[in-house]
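Structure first, then comments.
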Amino acid sequence: GLITLEIDDQAHEFLQLDYADAAKVYVPVTNLHLISRYSGGDPDLAPLHKLGTDTWSKAKRKALEQIHDVAAELLHIQARRQAKPGFAFEMDHSAYMQFSSGFAYEETLDQANAIEATLHDMQLAKPMDRLVCGDVGFGKTEVAMRAAFVTVQNNKQVAVLVPTTLLAQQHYESFKDRFADTAVRIEVLSRFGSNKTHVKTIEDLADGKVDIVIGTHKILQENIQFNNLGLMIVDEEHRFGVRDKERIKALRADVDMLTLTATPIPRTLNMAFSGMRDLSIIATPPARRLAVKTFVQEHTDDAIKEAILREILRGGQVYFLHNEVDSIERAAENLRYLVPEARVAVAHGQMRERELEQVMQQFYHKDYNVLVCSTIIETGIDIPNANTILIERADKLGLAQLHQLRGRVGRSHHQAYAYLLVPSLKHLKGDAEKRLDAIQRAATLGAGFMLATEDLEIRGAGELLGEQQSGSMKAIGYSLYMEMLEKATKAIQKGKTPNFDAPLSLTAEINLHLPALIPDDYLGDVHQRLLFYKRISNTDSQEKLDNIRMELIDRFGIPPQSVKHLFAVHQVRLKAEQLGMTKIDLNSNGGYVEFSPDTPVQATSIIHLMQSNPTHYRMEGGQRLKVTQKLGEYEQRIQFIVSVLDRLLGELHC
């Protein structure tokens, strides 16, 4: 915590850091910008390093090397996108109005904004890369359909890439319905369907006879050529493997990309946060939609029987998720025995395509009312009448997966239920417990976005491009990682190699030998004090410093002298950093100023300064300016150094 120590007969406040073997380091509050919060995972597992060893600098170095590559690749993609003129789509407003009036529901506000932003991007002459993040069933597909319509109007083709065969089929049905009044030809490429039709579809694609093609990663194969691809829509990007993502990435620089996701994975979130991709969030649920009630329960026959009966008796249907294909038939038998009145079917990814398609159609038409299935149902199958889902071994599934599965129910105005079944509530392990806890807390509609940020914390944030979603981030923590990434990106943009041995930002160490702190009797709450110290240390402009000063006065009254000194020290720091100074040390008899090797200050400026007052200034070595002057008063000291810095800054900008 914060500790006050007496140094040179003056009170200074320090932040105490504990290291392994009970070693302590005290950091002056004026240097808090050197410290960042570690959010790389579980705080209990955060590595505690020994003082005096180079474990930390090694971890940092390793992370930095990776960060450098990441930054370079990000910038490369971005530069390619910005350098290549994309296709600017034209809008035929009357045709578009006619198409949008065919939407059966009323658009929610967020949905309308997402559509507007997407169409705006498409009309610009650079490739679009927009991420639409909306919760399960919040109408992201409509955004995609409007974009697809505009693309086809401009005589270009659309590819819709989905992770599973079932979803491809479903999108195909809904696109056909939505485009029924237009002359648009829509085809599907997936495991369902015969080889003959596939070959025909592929030929027609190359000839430009197909306008919209919907399919699984089959679309990305080398043998598939488009005649004139204009828009690529990717549904649930995080479900694709690394190779598929690389193919998508290669396309990204050339065509307009629209990515739809219900739970953005940390990496895409990061890219959106760092402004690499544009983000639209659809957070408002459609009217009359209710949140799914979620329960975490122990796996007992009674609990299962009660949940299934409750749903069947109100005429609904049930998903029962059993994720082990070997024993799935046994699980189905068990259910038939437990609930004799249920009509039970089985669906999993290892079934023959025709069989699977048939079972899904029968379930859709209510021939069965309980479907025992594997996670194949995870993405986007829309069966409005299914309003209860039971998930076995929920502790083994990831957050995004649980959220997706829960989104399979509650797609109409009936109250839906999700039961997460675990072998025993007492023996839940760390991460699993956190995941189930998070999913239970995120019971509101539109929780996907919140969950992804939780996932950032649980999994230790994603690497922006690498395959390992966590990794070097765990080693050095999230905030430091982001700070370093930003630094590396800026350096590469300027054409410099980022220097990783230097401290993160060139920070000047200022010691004017005066009390510069926020005293206890002015602001008693330690946490608040720490927050203000951190904010003041992190400011990079005089304006921000003034804003914080105004806020302090506004909230806690006129500040005492020591707080004014604290602001003065940081004002000096900002000026010193512009001049490339590393240290300023002044006491009542003078002191010295140290310059960094790459200071922008010209030698002539320093010579002018020395000539103006030879008794006061002289150089010691190449980087240090010695000051000999009586500066007994604190105010005098501050005024003196500020006038010297202002003079040097003035000459710098001449």
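The values are calculated or read from the model by the stated rules, or taken from the named source; none is laboratory data. Fair warning: this is a prediction, and the values are worked out from it, not measured in the lab. Ideal geometry is used to build each Cβ from the backbone, glycine not excepted, and the neighbour counts take in all protein chains shown.
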Next on the checklist: Are there strands (runs of 3 or more DSSP E) fully within region 582-654 with at least 1 residues that are closer than 24 Å to SER562 by Cα and under 46 Å from the mean Cα position of the chain (by Cα)? List them.
Outcome noted: 590-595
Next on the checklist: Going residue by residue through region 510-530, is there one that turns out to be surrounded by 14 or more Cβ atoms within 10 Å (Cβ to Cβ) and under 32 Å from the mean Cα position of the chain (by Cα)?
Outcome noted: yes
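Name every residue in region 365-384 that is part of a helix (DSSP H, G or I) and touching a residue at least 60 places away in the same chain (Cβ under 8 Å), in order of residue number.
Answer for region 365-384, where residues must be part of a helix (DSSP H, G or I) and touching a residue at least 60 places away in the same chain (Cβ under 8 Å): ILE376, ILE377.
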Item to check | Residue, surrounded by the fewest Cβ atoms within 10 Å (Cβ to Cβ), within region 619-654, restricted to residues that are within 17 Å of VAL572 (Cα to Cα) and of a type in the set (Val, Ile, Thr) | outcome: VAL642
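Each row is one residue, and each column tells you yes or no for (1) touching a residue at least 24 places away in the same chain (Cβ under 8 Å); (2) surrounded by 15 or more Cβ atoms within 10 Å (Cβ to Cβ); (3) assigned to a loop (DSSP other than H, G, I, E, B); (4) aliphatic (A, V, I, L, M).
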{"site": "VAL318", "(1), (2), (3), (4)": "yes, yes, no, yes"}
{"site": "GLU329", "(1), (2), (3), (4)": "no, no, no, no"}
{"site": "ALA332", "(1), (2), (3), (4)": "yes, yes, no, yes"}
{"site": "ALA342", "(1), (2), (3), (4)": "yes, yes, yes, yes"}
{"site": "MET351", "(1), (2), (3), (4)": "no, yes, yes, yes"}
{"site": "LEU356", "(1), (2), (3), (4)": "yes, yes, no, yes"}
{"site": "PHE363", "(1), (2), (3), (4)": "yes, yes, no, no"}
Next on the checklist: Here is a list: ILE248, ILE214, ILE233, ILE219. Which entry is modelled with pLDDT of 75 or more, in a helix (DSSP H, G or I) and either surrounded by fewer than 21 Cβ atoms within 10 Å (Cβ to Cβ) or in contact with a strand residue (DSSP E or B) (Cβ under 9 Å, 6 or more places away or on another chain) (or both)?
Outcome noted: ILE219
Next on the checklist: Anything in region 112-129 that is part of a loop (DSSP other than H, G, I, E, B) and surrounded by fewer than 18 Cβ atoms within 10 Å (Cβ to Cβ)? List them, or say none.
Outcome noted: LEU124, ALA125, LYS126
Next on the checklist: Given the options ALA418, ALA386, name the one that is closer than 23 Å to ASP235 by Cα, small (Gly, Ala, Ser) and crowded, with 24+ Cβ neighbours inside 10 Å.
Outcome noted: ALA386
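If you check ASP121, ASP110, ASP18, ASP44, which single one turns out to be modelled with pLDDT under 75 and not polar (S, T, N, Q)?
Answer to the selection: ASP44.
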